[in-house]
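Here is the structure we will look at.
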Amino acid sequence: MNLTDILGDWKRSHYCGRISTADIGREVCLMGWVQRRRDHGGLIFIDLRDRDGIAQLALDPDRDPDAHGKAERVRGEFVVAVKGIVSARPEGTVNPKMATGEVEVEVRELRVLNSAQTPPFMIEDYADVAENVRLKYRYLDLRRPSLQGNILLRHRVSQTVRNYLNDHGFIDIETPILTKSTPEGARDYLVPSRVNPGTFYALPQSPQLFKQLLMVSGFDRYYQIVKCFRDEDLRADRQPEFTQIDCEMSFVDRQDIMDIMEGMIAKVFRDALGIELTLPMSRLTYAEAMARFGVDNPDLRFGLELVEISALVKDCGFKVFADVVAGGGIVKLLNAKGCAGFSRKELDDLTEFVKIYGAKGLAYVKVQADGSWQSPIAKFFTTEEMDRIGSAAGLEPGDLLLFMADTWKVTNESLGRLRNLLGQKLGLARKDDYRFVWITDFPLLEWDGETRRHVAVHHPFTAPLDEDLPLLATEPGKARAKAYDLVLNGSEIGGGSIRIHDRDVQNKMFSLMGIGAEEAEEKFGFLLNALAYGAPPHGGIAFGLDRLIMLLTGSDSIRDVIAFPKTQKATCLMSEAPGEVDDLQLRELSIRRAIRSK
RNA sequence: GGGGCUGUAGUAGAGUCGGUUACAACGCCGGCCUGUCACGCCGGAGGUCGCGGGUUCGAGUCCCGUCAGCCCCGCCA
């Protein structure tokens, strides 16, 4: 027996969350999903849910026996439409926990538009469900208010960004998804070409080259909210396909780009959260960020800055420290204020933590009430050395000093990450505190010992600082880049640079990176040619939209801000992608399997 | 490629030292109930203890392997 009704000519008059005391006495027509049915034998209440909220329907057997009879058969997640009169709830039955709790709809007519199987989990924010089940039934998970709220906020942010960029003269231009694999960067997703057997397109890691070419074409300002693809392993904040707010501008310097973009971020925070940001945002050079925080994405919500003491300990009696300095490494400390009470177990945990980042150990000093050092390494230091270290660290009784001695890289990374861990552990970082900082003057190139060549820190098209241009010929590793990252609470949310618009400089960069003239011609010839036809000075930036939404919504996982995300093994539990294909499909593509799965 | 955590009705959990028929909750089904709102009361159904192997008289429990989900390192210009 088919128990459902047709929609007919009914038109919805309101979203559920919109009915209010202003509508009392009015007839409304609502449509949505049955959140819950409370059957009192006589009266039946139904909480009707749509994307906007929940409204209580009241069905009285005396008033409308027909609608009441249908309501008896209704179950959770049935799709229903009702017509009825908005009325004030009787005295004492107002529900202050509901946005629409002062009113209800006295139903006169009810249509069951569709039935529903019992869902595998309750459509409630409080329901604690394993993520693999949620992902398999993603369309049901997305009905939950919190997830739906994230997606709705994401939409509003996209609109704000579009409006802002439109108002500032940016043109939305689409760039190819089927494009060419280029060296450098992440692993590409490849798409075989049927028409050109044996050749492959690559999905874009970003529209980098195309947006630069659009500057050469004279569009002046470009933007796109666009999917990018990188075939690398996933993390809580990383998906193989993700969305960038991608921008490029001509005839600008770094300052112009940062000014416009922080205005955009400020508008996003105003529209999305009602928070006014203070502009301009703060700045740190890369060198200063590394020195003070050990990382290039510092969380500025708390202090706990790192202090380098290499010079103070290079001749000290503690051989571990002295040897590291003699071997070209550095010694740094972190003063965990007031943490002298940490237990043996807590200190062991911290040591285990830094080992993840390649550290061999972690030395500590607990400062007693009388200022004396309680530490396994105290005996190696003279009183004078202790005083110097103490004053460099701003040491007070009750503090805990944590020392790291290793290479520049390991010391900074392990102590920098430890700083973040302590900030969290000590509750120093509030989720609703938003600290932005631009990191500037990144190194242009980095020496890769394995492949024995320079690699671009940002990307191969990033311009060096004007004053560092001569260094390319002498000490390329020392050259700094016209690059900038925007960091929010320890997360990089965007990054960009002024690009090289001079063909000779671009060629020089390629050769420093061990890309010969022939290879450069083959891989990037179209860009090099374009630069020779009057390329304007230009630069740009890209923001990670997913990460930005994570921070705005306080989400711990990027999957909570993407409608249909992938698992850590890059599969979709709902569609079961990736999947097998027919031999015929492969034959058409001139592809043969090396491995048969399953 | 590596390290760690988790896996028991639809859901999320308990399950002691290896010992009778694997528990109670939410949800579901049936009944009762005219002002509830995570309604209430009574009754009921529902299990490949992720999967495979081993140890044992006996395994949800111990061992080995494997699969899946998650977190991290490497990787991510």
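The values are calculated or read from the model by the stated rules, or taken from the named source; none is laboratory data. Computed from a prediction, not measured in an experiment: that's the story for all the values here. Backbone-built Cβ (ideal geometry, glycine too); neighbour counts: all protein chains shown. Ligands, DNA and RNA are stripped out before the accessible areas are found, and what is left, the full protein with its side chains, is counted by its heavy atoms. Shrake-Rupley method; radii C 1.70, N 1.55, O 1.52, S 1.80 Å.
What ranking of A:Phe121, A:Phe242, A:Phe251, A:Phe564 comes out by heavy-atom accessible area, probe 1.4 Å, highest first?
Largest accessible area first, the residues go A:Phe251, A:Phe564, A:Phe242, A:Phe121.
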Ignoring ligands and nucleic acids, A:Tyr139 exposes an accessible area, probe 1.4 Å, in Å² to the nearest 10, of 120 Å²
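Rounded to the nearest 20 debye, what is the charge dipole size of segment A:509-598 about its Cα centre when +1 sits on each Lys and Arg Cβ and -1 on each Asp and Glu Cβ?
With Lys and Arg at +1 and Asp and Glu at -1, about 340 debye.
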Between rounded, prolate and oblate, where does segment A:310-461 land on the alpha carbon gyration tensor, with a ≥ b ≥ c its root eigenvalues, rounded for a/c under 1.5, else prolate if a/b exceeds b/c? oblate
At R0 = 35 Å, how high is the FRET efficiency between A:Asp259 and A:Ala186 if r is their beta carbon distance? Nearest 0.05 is fine. 0.70
Relative contact order (%) - criterion: Cα under 8 Å, at least six apart; region: segment A:143-235: 29 percent
For every other residue with a beta carbon closer than 9 angstrom to the beta carbon of A:Ile46, add +1 if it is Lys or Arg and -1 if Asp or Glu, then tell me the sum. +2
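Return the loop-located GluC sites (Glu not before Pro) in segment A:434-482 (DSSP other than H, G, I, E, B) with at most 12 other Cβ atoms within 10 Å of their own Cβ; answer none if there are none.
Answer in residue order: A:Glu450.
Between the DSSP loop rule and a limit of at most 12 other Cβ atoms within 10 Å, which GluC sites (Glu not before Pro) in segment A:497-565 are left?
Those that pass, being in a loop and sparsely packed, number zero.
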Hey, what number do you get for chain A at 222 nm if only DSSP H runs of n ≥ 4 count, each worth -39500 (n - 2.57), divided across all residues, to the nearest 500? -8500 deg cm²/dmol
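Using 0.36 nm times the number of residues separating A:Leu7 and A:Glu308, minus their current alpha carbon distance, what extension gain do you get?
Gain on stretching A:Leu7 to A:Glu308: 101.2 nm.
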At 1.4 Å probe size, with every protein chain present, just tell me what the per residue accessible area of segment A:1-150 comes to in Å². 53 Å²
Charge context of A:Leu486, other residues only, Cβ under 9 angstrom, K/R +1, D/E -1: -3
At what distance in nm do the modelled label points of A:Ser590 and A:Ile24 sit from each other, each positioned 7 Å from its Cα along Cα→Cβ? 7.6 nm
Between A:Ile356 and A:Asn95, what's the calculated FRET efficiency when r is the beta-carbon distance and R0 is 41 Å? Round to 0.05. 0.25
How about A:Lys11: which lysines have a C-alpha closer than 17 Å to its C-alpha, ignoring those fewer than 8 places off in the same chain? A:Lys83
Computed D for chain A, Stokes-Einstein, Kirkwood radius over alpha-carbon pairs, 25 °C, 0.890 mPa s, to the nearest µm² per second, is 85 µm²/s
Top positive-direction residue, dipole computed over segment A:1-155 with Cβ charges, set A:Val133, A:Cys16, A:Pro145: A:Val133
In vacuo Debye sum over C-alpha of segment A:236-348, base-10 log of normalised intensity I(q)/I(0) at q = 0.21 Å⁻¹, listed in q order, is -1.29
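As an exercise, identify the GluC sites (Glu not before Pro) in segment A:272-369 lying in DSSP coil whose Cβ has no more than 10 other Cβ atoms within 10 Å.
Sites meeting the loop and neighbour criteria: A:Glu276.
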Quick one: work out the % antiparallel among DSSP beta bridges in chain A, nearest 5. 90 percent
Identify all lysines with a Cα-Cα distance to A:Lys431 below 20 Å; exclude those on the same chain that are fewer than 8 residues away in sequence. A:Lys267
Looking only at lysines whose Cα falls under 19 Å of A:Lys482's and that sit 8 or more positions away or on another chain, we get A:Lys211, A:Lys508
So, with +1 on the Cβ of K and R and -1 on the Cβ of D and E, and no other charges, what is the size of the charge dipole of chain A about its Cα centre, to the nearest 20 debye? 1180 debye
First check a/c for segment A:91-193, with a ≥ b ≥ c the square roots of the eigenvalues of its C-alpha gyration tensor; if it is under 1.5, answer rounded, and if not, answer prolate when a/b is larger than b/c or oblate otherwise. prolate
First check a/c for segment A:50-103, with a ≥ b ≥ c the square roots of the eigenvalues of its C-alpha gyration tensor; if it is under 1.5, answer rounded, and if not, answer prolate when a/b is larger than b/c or oblate otherwise. oblate
Estimated distance in nm for a label pair at A:Ala532 and A:Val455, the labels positioned 7 Å out from Cα along Cα-to-Cβ: 3.0 nm
Cross-link list A:Lys314/A:Lys345; A:Lys314/A:Lys379; A:Lys319/A:Lys360: which exceed 19 angstrom alpha carbon to alpha carbon? A:Lys314/A:Lys345
Toward the positive end of the charge dipole of chain A, about the Cα centre and with charges on Cβ (Lys, Arg +1; Asp, Glu -1), which of A:Leu334, A:Pro96, A:Gly516 goes farthest? A:Pro96
